Structures are given as structure tokens and as C-alpha cells.
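A.B. asks: Once you've had a glance at the structure underneath, I'll fire off some questions.
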Amino acid sequence: MDFFYVIVIMVGIYVILATSFNFVIGYGGLISVAHPAFFALGAYASGILARDLGWPVLLTMPIGALFAFASSLLISLPSLRVSGDYLMIASIGFQLGLVEVIKHVSFTGGPGGLTAIPQFLVRDYGTVSYVIFTLVIAVAVVLVTRRIVNSDYGRAISALRDDELAFATLGKNAMWLKIWVIALASGLAGLAGAIYAHYFRFVAPEQFEVLQSAAMLTMVVVGGMRTIWGPVIGAILLQTLPQAITFINLPPSILGPLQGLLFTGVVLLFMFFRPAGLIPAPAIWQGGTSAPIDRKGKLDVRGA
Amino acid sequence: MSAVLEIKGLNKAFGGIRVADEINLSLHAGRVLGLIGPNGAGKTSLFNLVCGVVKPDSGEVFLDGAPLAGLKTFERARLGLARTWQNIRLFPSLSVLDNVLIGANDYPGTKLTNVLFRPGMVRAAAYRNLEKAHGILARCGLSDTHDKLVSDLPYGRQKLVGVARALMSDAKCLLLDEPMAGVEGHSYAAIQAVVREVAASGIAVGVVEHNVAFVRDLCDEGVFMFSGKILARGAVADLISDRQLTELYFGT
């Protein structure tokens, strides 16, 4: 049963990661690969504060998220002023650099990883409580994201993605909008990291390398970029599918490579047969719920 | 009469090419000024300099007496400077209505904290903007297309959406970059009527346009630009009948 719980917790964590990553690259159109770096920052910050300073986990988790949120300024402030490809380059550098730093300072546990991270909920209330905790947060993240992308904010992000210059000449501050989009998504990735750290009680730097970026990107692309449910389905599918084949009794020497093949195979198949993902994004922005408007676009006077 | 937009001694060179050479120009409330001249005369560059898309080498721009130097494009727009683009630059993933809505100056929805924690305020603004946008769409004759993708519209109507989007901001000064290029028939008349109406409401309008008939019918006054310089200012009919200027225009 524990094996099943682990899968569900991992699905919940990856739903948060893929949803927030989609917010940046899908909705925001901001090509960054550093999402795992913020996942790591949240995990390490929360883990270290709880373990070495003895702070309650309920407090360190939001602090971990805030730490990732604030750290995103390190890549967004310098690169967004220039914009475009520079963000991607800066994000690669940030991720590589961060993993190296984690490996080479002592308070993170170095290359051996951070061990004996305090548990949360599990000892007092059992594993199921943590499963519920993770799923509640994952659902909340998806719902809040849906609310944001369908609001006036979502309209602004769409416009910004389409044409930044036209957006600016309409009196909108493109730079701050981009900084906020990245910060929010990074904060959510940090939260996912904290949730991960206090369940598995161990994090190591190599978990947050570029393979992790590829995994998140695959979930978003296979599920359906710029949709709410796409990354959710992508996360569920790509977390459970590689696990599913472990039920077939195969020797580990075959199982490992087979999982890898399955993973890349899925990506290749989608590239050829369904490039827009399982749930293709609509051509036109579907939001507008914050404006009192009915389906025909007529003014809903009751909203006045 | 004080100018809404005042350009003083503006200079800009890209390498050896001078796109603005000691430009002095003023736009007045309720009046339409036409900028004519051959391609490469610096008309669009002048708009880019005024909007802050391009930084001038020297010179100053004032909007309602306030200097715009050092202000970013979006800050200038908020002060009341609106423009359209030669190649329209609409937002392709938004409907016609949403393209216009995003033009609103009072748009609290660009702040995440407003969206999450002050939904009532955002909703109230959204309601005001929606009512206003529908009014502008009706004025431009675009009401029936409000839910369409902009790319599904004919070119002329796309230009109208660009004008509608610029009008959404309550600008004091509206700069139109070739509103008529590629436009004919119904949209032509519609744009003409809208621009007249805009000027009548007290907005200062500047138009870059190659369609001489349009400029003559619409503009109270015109300036002739050639290689970054303003060569003449006066009634459009006089400018286009001037033989010297005509020769420059057609390069004969």
C-alpha cells in the first residue's frame, strides 16, 4: 500500500510542478528551463530550516515557497530587461550554477544530499494524511491557476505573449508582469519541493538537474501546453506509466532502460501524431469570467 | 492655443542615416495633422521617438506640457499617448473584444494581488471597461465581430480594431501609422468617420499616410517630411500641389 501512496504523492507534487511550469512557458510564453532549481530551493530551504533550526514544518514549507519566489528575481530581473532568448540562457546558467553550489557547500549536505529531514504529519496521523495534504494543495494550485489565467490577468498575459511592444504602448508594464509570472510559478515549485522534502526526508542535488527540466517539459507538452488540465493529465500519465510496468515481473537490468525508453517513446509519438498534446489549447483566449459577460458577449446588467 | 504634443529639436541618427533632423512639431487638441512624405522620410521613426520605442539623440517631447524624457513606453501611454501600427500588431490569441479591452488604461487586472485579493475592484473595473469597449466597437462598426479571432477579420477591419484598441485608453493624443494602407470600401469610410469623431472630441491626432485623398479630406493641416526633416507645414492641398515637394515624393 505504501508504494501506492508514494505514487499518489509524487503525482500530486508533479501536478503542482507541471501546472506552475505551464504558467511560465505556456501561458507566459517565457522560455525558462530552471523550474527544477526552484523546486530544489524550496526543498532545501524548508528541509534545512526544519532540521537545523528546529522550526515547525508548517512554517518552513511556506518559507521555502517564499524563498523560491524571491530567488526567481535572480534570473528574471537581469534577463527580462533584455528579454527573449536571454531568459533561457540565464535560466540554464542559474540551474547549473545552483546545483554546483548545493554540491559544494556543507550546510546542504553537499553531493551526498540533505538527510534526516523532519517528517510532517506522517508520524502522528499516518501516511494517508500526507497523501490528502499533498492532493489538497495540488488541487488548490490548479484551481487558483485556472482562476488567474481566466481573469483579466490572463488576458494581459496572453496579450504580452502575443506582442510585447504593442502591449507596452497600451500603457502596460510588461517587465513587472513577466517578473510576477515567473515569481509565482517559482514559488509554487518551491512549495512542491518542500512537500517532497518532508515526505521522502532526503534530497540530493542530482535530482534537480536538467533531466528534471525535461521531465516537467514533457508533462506540459504531452498533456497540452496552455491548458489547465493538460499538465495535470501529463503529470498523472508520466508518473504512473513508468511505475505501471514495474508490476510486470522483469529483472531490474531490463526494467530501468525500459522505463527510459517508454518515457522518450511517448515524447516521440506525441511529436509526430499529436504535437498540441492530449488537450490542445484553443486558438482564442477563453477567459473573461471576471467581467460580467454572458456567452453571447452581451453585457450582463445584473453584474452592475 | 497650447499644444497637446510638443516636439522640440528632436534628433536621431542610426549610424549615418538621420531619421530625425531638428524636428519641431506641435499637435493641437481637436485637430488632425497629416505627416506626408516618401518612404524613409522618418515619419514612423518620429512616432517611435515620441512613444519612447526609440531613444532620441537629443531634443525633447512634451505631452500637455510635461516632459516625456526618461519615461518608458508604457509610462508615456499612461499619460495619454496612444498609437496604432502600420502592421497593426493586434494580439492574435485574443478576440476582437479582448483586444480592445486590454487597451483600457484603468486595468487593475495587470496586478496579481488585485486579481487574487481584490476581486470586487477588478470586477467593477472590468464592468466599466466592458461597457466602454462595446461602445467603441459600436462606433467602429465592429459589434458583430466582437467574439471573432482578429485573424479571421478582413484586413481593413483589423485596422479598425487597432484604432478601437487605441481609443480605449482615453488618450489625449492619438498617433495613427498608415491607417489606410491596404484598406478600401466600407472600412475606409468607417476609419475616416471614426478619426473625425475622435478629433471632434478634443483629441490631438497625428496621421502618417500615403493615401493623399484621405489626408486631404481629413487633415486640418499637414507637414511634409523628407530624409528626417520637416520641409514644409501648411494646408494639405497646398503641400500636395507644390511641384518641388511632389518631385521629392515621387523621386523624379
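A.B. asks: Between chains B and A, what is the buried accessible area in Å², counting both sides, with a 1.4 Å probe and ligands, DNA and RNA left out, to the nearest 100? Present the calculation step by step, with values, prior to reporting the outcome.
C.D. replies: Numbers: alone 12160 and 15410 Å², together 23880 Å².
Roughly 3700 Å² of accessible surface disappears when B and A pair.
A.B. asks: Where Lys and Arg each count +1 and Asp and Glu each count -1, what net charge lies around residue B:94 among other residues with Cβ under 9 Å from its Cβ? Write down the numbers at each step before the final one.
C.D. replies: Working: positive: A:155; negative: A:162, B:98.
Value of the local net charge: -1.
A.B. asks: Taking a ≥ b ≥ c as the square roots of the Cα gyration tensor eigenvalues, with a/c under 1.5 meaning rounded and otherwise prolate when a/b beats b/c, else oblate, which class fits region A:186-280?
C.D. replies: oblate
A.B. asks: Share of chain B's accessible area from carbon and sulfur, percent, 1.4 Å?
C.D. replies: Within chain B, the accessible surface is 52 percent carbon and sulfur.
A.B. asks: Assuming R0 = 41 Å, can you tell me the calculated FRET efficiency for the pair residue B:193 and residue A:143, based on Cβ-Cβ distance, to the nearest 0.05?
C.D. replies: It comes to 0.35.
A.B. asks: Next question, about the same structure. Return one whole number: the accessible area per residue of chain B in Å², for a 1.4 Å probe.
C.D. replies: Accessible area per residue: 41 Å².
A.B. asks: A follow-up question, please. Just to be sure I understand: of the beta bridges DSSP finds with both ends in the protein assembly as shown, what percent are antiparallel, rounded to 5?
C.D. replies: Roughly 60 percent of the DSSP beta bridges within the protein assembly as shown come out antiparallel.
A.B. asks: Shifting gears a bit: Where the centroid of each part is defined by its Cα atoms, how far is region A:48-98 from region B:76-150 in Å?
C.D. replies: 33 Å
A.B. asks: Please state the shape class of the protein assembly as shown: rounded when a/c is under 1.5, otherwise prolate if a/b exceeds b/c and oblate if not, all from the C-alpha gyration tensor. Please list the in-between numbers first.
C.D. replies: On the way: a/c = 2.53, a/b = 2.21, b/c = 1.14.
The shape class here is prolate.
A.B. asks: Measure out, as a whole number of angstrom, how far apart the alpha-carbon centroids of region B:1-39 and region B:213-240 sit.
C.D. replies: Measuring centre to centre over Cα atoms gives 12 Å.
A.B. asks: Using a Förster distance of 25 Å, how high is the FRET efficiency between residue B:75 and residue B:131, based on the Cβ-Cβ distance and rounded to 0.05?
C.D. replies: On the way: r = 27 Å, r/R0 = 1.07.
In this case the efficiency is close to 0.40.
A.B. asks: Just read off the accessible area of residue A:229 with the full protein assembly in place, 1.4 Å probe, to the nearest 10 Å².
C.D. replies: Solvent-accessible area, nearest 10 Å²: 120 Å².
A.B. asks: Are there DSSP H segments in chain A that both extend 18 Å or more along their axis (alpha-carbon positions) and score a mean Kyte-Doolittle hydropathy of at least 1.0? List them, or say none.
C.D. replies: Membrane-span-like by this criterion, though nothing is claimed about a membrane: A:2-22, A:57-71, A:127-149, A:174-200, A:210-223, A:252-273.
A.B. asks: Further, regarding this structure: Are there any residues in region B:105-139 with a reduction of at least 40 Å² in accessible surface when going from the isolated chain to the assembly of protein chains? Probe 1.4 Å, please list them by number.
C.D. replies: The answer is B:107, B:110, B:112, B:115, B:116, B:123, B:126, B:127, B:130 - residues whose exposure falls by at least 40 Å² when every protein chain is included.
A.B. asks: Quickly work out the residue B:116-to-residue B:57 label distance, labels modelled 7 Å from Cα along the C-beta direction, and quote it in nm with one decimal.
C.D. replies: Label-label distance for residue B:57 and residue B:116, simple model: 4.8 nm.
A.B. asks: With charges set only on the Cβ (+1 for Lys and Arg, -1 for Asp and Glu), what does the dipole of the protein assembly as shown come to about its Cα centre, in debye to the nearest 20?
C.D. replies: For this selection, approximately 720 debye.
A.B. asks: Counting only protein heavy atoms and using a 1.4 Å probe, what share of the accessible area of region A:2-208 belongs to carbon plus sulfur, as a whole percent?
C.D. replies: Exposed carbon and sulfur together represent 70 percent of the surface.
A.B. asks: Further question on the same structure: Could you work out the local net charge near residue B:77, counting Lys and Arg as +1, Asp and Glu as -1, over the other residues with Cβ closer than 10 Å to its Cβ?
C.D. replies: That works out to +4.
A.B. asks: Among B:168, B:40, B:156, which residue has its Cα positioned farthest towards the positive end of the charge dipole of region B:5-250, with +1 placed on the Cβ of Lys and Arg, -1 on the Cβ of Asp and Glu, and the dipole taken about the Cα centre?
C.D. replies: B:168
A.B. asks: So with the 1.4 Å probe, I'd like the accessible area per residue for region A:2-208, rounded to whole Å².
C.D. replies: So region A:2-208 comes to 37 Å² accessible per residue, rounded to a whole number.
A.B. asks: Still on this structure: If Lys and Arg each add +1 and Asp and Glu each add -1, what is the summed charge of the other residues whose beta carbon sits under 15 Å from the beta carbon of residue A:188?
C.D. replies: Cβ neighbours under 15 Å give a net charge of +2.
The values are calculated or read from the model by the stated rules, or taken from the named source; none is laboratory data. A quick note: this is a predicted structure, and the numbers were derived from the prediction, not measured. Every residue, glycine among them, receives a Cβ derived from its backbone with ideal geometry; neighbour counts consider all protein chains shown. The accessibility values were calculated without ligands, DNA or RNA, using every heavy atom of the protein model including side chains. Shrake-Rupley method; radii C 1.70, N 1.55, O 1.52, S 1.80 Å.
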